[in-house]
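Take a look at the structure set out below.
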Amino acid sequence: MQRHFRSALLCAVAVFASACGSDTPTTPTTTTTSPVTETWTGIVGPGGTASRSFDTTQAGTLTVTLMSSDAPLGLGVGVPRNVNAGCRLTISQVDIPGLTLSIPAGAGSYCVQVFDNGDVVKQSAFSVQVVHP
Amino acid sequence: MTAKRYSPLLLLLVALVSAACDDTIGGAPATPTSPSDTTSAATPLSESFEATLSPGESTFYSFSVSATGPATATLAAVVQPGKVGALATPLRISFGTPVGEGCEISDSIEAPPSLTPQLGATLTAGIHCVSVGDSGQLTGTVIASIRFVHH
């Protein structure tokens with residue numbers, strides 16, 4: 001009986017002691033979130049523009065693609081304006097669906113803009129894919 | 001030795017080990033302290049401004065640097081007034097110090113629009129200026145957008 005109690009006592013201490021380990025944080029699972037791909041759809045009227053802003057937390061390449069549009073549209077990447085909203089374009093071109101613009105960028109706020117370059121008669125729906133860090 | 005003699009000892013040991021596991025021993029649970037505000041001075045501040053430039057012109061924007069540190073400037077966009085499409089026209093961007101009604105240039109670069117920093121300098125605490133101007137390639141009026149980051 002004495003031997004059994006001694007074993008039980010040691011076992012109990014060992015169990016409690018092992019449960020008493022320090023709360024060492026485990027390494028978090030790294031989830032790769034970069035690059036981010038966003039799809040943006042909208043409509044542009046004659047002489048009109050449409051823009052969308054996005055933020056990057058690290059440097060990398062910004063890539064925008066006019067995936068589809070009813071009419072040839074201008075497409076560009078730039079920086080949001082401080083006043084009057086909108087976008088000031090760093091690069092742009094009159095695009096046909098499938099063409100891509102790419103530009104290296106630091107971390108910060110950016111925008112993509114779609115605009116009528118004179119080809120929109122009534123209105124044009126479009127779809128743009130944006131890939132950024 | 002009997003079971004009755006071991007039971008109190010077992011309970012005592014269990015209590016001691018359990019107590020050693022309790023993070024609250026000796027007082028209330030640890031409360032996270034608020035971070036000190038010393039990081040705010042080290043956090044870079046991003047600013048931007050737009051300037052309308054005609055051939056041969058330059059303009060500047062004054063700003064305050066709170067602590068000595070690196071600063072960068074980027075010519076982010078050049079467009080024609082009333083137009084949306086981007087121009088690739090290079091302009092001169094500079095850092096300097098306001099003197100009188102002007103900006104006395106200390107660091108300068110000529111560059112086309114970009115989204116990565118183009119001009120870098122170490123600026124001391126105090127009033128500085130960032131300037132943008134025609135480097136001789138403007139043929140008409142443009143609007144330039146400049147981004148700069150400083151402490």
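Coordinate-derived values only; no laboratory data. These numbers were taken from a predicted model, which means no experiment stands behind them. Cβ placement follows ideal geometry from the backbone for every residue including glycine, while neighbour counts extend to all protein chains displayed.
Remarks
- Least to most buried among B:LEU87, B:LEU75 (fewest other Cβ within 10 Å first): B:LEU87, B:LEU75
- Taking all Cα pairs closer than 8 Å and separated by 6 or more residues, the relative contact order of region B:74-151 comes to 42 percent.
- Amide H contacts for B:LEU138 (H built 1.01 Å from N in the peptide plane; partners 5 or more residues away or on another chain; cut-off under 5 Å): B:GLY56.
- Highest-first arrangement of B:115-128, B:135-148, where packing means the average Cβ count within 10 Å: B:135-148, B:115-128
- The string of couplings for region B:60-71 from the Karplus curve (6.51, -1.76, 1.60, θ = phi - 60°) is 9, 9, 8, 8, 9, 9, 7, 8, 4, x, x, 9 Hz, one whole number per residue in order, with x for Gly and Pro.
- Taking the charge dipole of region A:34-132 about its Cα centre, with +1 at Lys and Arg Cβ atoms and -1 at Asp and Glu Cβ atoms, the residue from A:SER53, A:GLN93, A:SER34 reaching farthest to the positive side is A:SER53.
- Residue mean of other protein chain beta carbons inside 10 Å, A:102-114: 3
- For region B:44-150, with +1 on Lys and Arg beta carbons and -1 on Asp and Glu, the positive-most of B:LEU87, B:GLY120, B:GLY100 along the dipole: B:LEU87
- Working note: Karplus 6.51/-1.76/1.60 with θ = phi - 60° gives region A:98-107 the couplings x, 7, 10, 10, 10, 7, x, 8, x, 5 Hz, where Gly and Pro are set to x.
- Charge tally in the Cβ shell below 11 Å around A:LEU73, where Lys, Arg are +1 and Asp, Glu are -1, A:LEU73 excluded: -4
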